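Only the coordinates and a few stated rules stand behind these numbers; no lab work does. Remember, it's a predicted structure, so these values are computed and weren't measured experimentally. When we count neighbours, we look across all protein chains shown, and the Cβ atoms used for this are built from the backbone with ideal geometry, even at glycine.
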Amino acid sequence: LGTVIGFLVFFALGFLQMSVIFAGAGSLVNRTEDLGAVSGPLFLPVIVAFMVAIMALSSPDAPFAVVCSFVPVLSPFVIFARIAVSTVPAAQILGAALVDIACVLFFAIVGGRLYRVGMLLYGRAPAWRQIVRAVLAR
């Protein structure tokens, strides 16, 4: 039962993280032809997270796996892999969930700011300077 609950919680948190990241990046795209250039690099953290989770299956209590359990995009993959094959302390599970929730909120705020830039500049691609200024604006 604990494994199923862990899967559901961390699947939802991972899905929210990635969907907010993709939505923010996608709001900057004006043509469908440009989607590959924007979304391609966003898949790299998922691939890295998957490989780290596979390594965590063989040694779930290794320091590298424990540290990666608290890295925002890697966390849903790694902590679930650890939950599935070993007994993870409740404090680590709670800590990873709190880090993921905080990152979902952070990514949503940044994604909203990126969306605002994308809407204001509809029809032309925003410059990196405009994107950075919009993300850092209050």
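The figures follow:
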item: Mean-position separation - Cα centroids, region 85-113 and region 13-63, in angstrom; result: 15 Å
item: Pairwise label distance in nanometres, L42 with A84, each label 7 Å out on the Cα-Cβ vector; result: 2.5 nm
item: Calculated log₁₀ intensity ratio I(q)/I(0) where the Debye formula runs over C-alpha points of region 27-74, q = 0.13 Å⁻¹; result: -0.43
item: At R0 = 30 Å, FRET efficiency that the Cβ-Cβ distance of L1 and V135 yields, to 0.05; result: 0.15
item: Stretchable slack from S58 to L8, in nm (0.36 nm times residue separation minus alpha-carbon distance); result: 15.8 nm
item: Span-like helix ranges in the chain, DSSP H, alpha carbon extent 24 angstrom or more, Kyte mean at least -1.0; result: 2-26, 90-120
item: Stokes-Einstein D for region 10-138, Kirkwood Rh over Cα pairs, 4 °C, 1.567 mPa s (µm²/s); result: 82 µm²/s
